[in-house]
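Structure, as structure tokens:
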Amino acid sequence: MKYLAIFAVIVAVGVFANLVHESQALSYLSSDPQVCINCHPMNIHYDTWQHSSHRDKAICVDCHLPRDSFINKMIAKARDGYNHSVAMTFKTYGYNLRVSDDAARRIQENCISCHSEVVSEMMANSALYDKVADSSVQMGRRCWECHRETPHGRMRNITGSQNNFTAQVF
């Protein structure tokens, strides 16, 4: 019985080590944008970002994760990673990936943070115009309501690729 228990532990450790290796789990601790294309549905998002004006200015985590603290960043990364892995495993993501409310809030905050100078001008000018604002959103509108194609272009469907882009691993 003792040998059977040792064998079971060795098998469990081996299966876990294989899972970590095959899923490239340790790569998710980095900020490398190519980590985002470990999952096939993200290829189109990576390709369109690679051909955008943001390529030389911001990587995936700059827009999609909190920037206020390392702990908040890792918590969001773990939560999003779990949700992504469940969606990929059970194929519940559909053809069009949708941003969660929490991720939308983070993206909005990060847009405003990087573009604070322009945003302050917009806020000053917005007082001159009568507009309907969404009080639940910082600035009254989400940045992508006007900047829909930034930085991922028009492509939203994971089965096609805008301008036939293909992910190139360097």
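Just how far, in whole angstrom, is region 2-37 from region 41-99 if you go by their alpha carbon centroids?
22
Using a 10 Å cut-off around each Cβ, can you sort D101, D32, D80 from fewest to most neighbouring Cβ atoms?
Values: D101 8, D32 12, D80 17.
Ordered from fewest to most neighbouring Cβ atoms within 10 Å, D101, D32, D80 come out as D101, D32, D80.
Just name one of I112, L128, Y95: the one whose Cα is farthest towards the positive end of the charge dipole of region 92-131 (beta-carbon charges, Lys/Arg +1, Asp/Glu -1).
Comparing the listed Cα positions along the dipole, Y95 ranks first.
Straight-line reach from K77: which aspartates and glutamates have Cα under 18 Å away, leaving out those fewer than 8 places along the same chain?
Within the straight-line cut-off, K77 pairs with D32, D62, D68, D101, D102, E109.
Quick one: compute the contact order of region 1-128, relative version, from alpha carbon pairs under 8 angstrom and 6+ residues apart, as a percent. Spell out each step's value before the answer.
Details: 45 pairs, mean separation 24.3, N = 128.
That works out to 19 percent.
Which of the chymotrypsin sites (Phe, Trp or Tyr not before Pro) found in region 32-106 are in a DSSP loop and have at most 15 neighbouring Cβ atoms, other than their own, within 10 Å?
Values: sites: Y46, W49, F70, Y82, F90, Y93, Y95; in loops: Y93, Y95.
Passing sites in region 32-106 are Y95.
All of the numbers you see were taken from the coordinates with simple rules; none came from a lab. For clarity, every value in this text was computed on a predicted model and none was experimentally measured. Backbone-built Cβ (ideal geometry, glycine too); neighbour counts: all protein chains shown.
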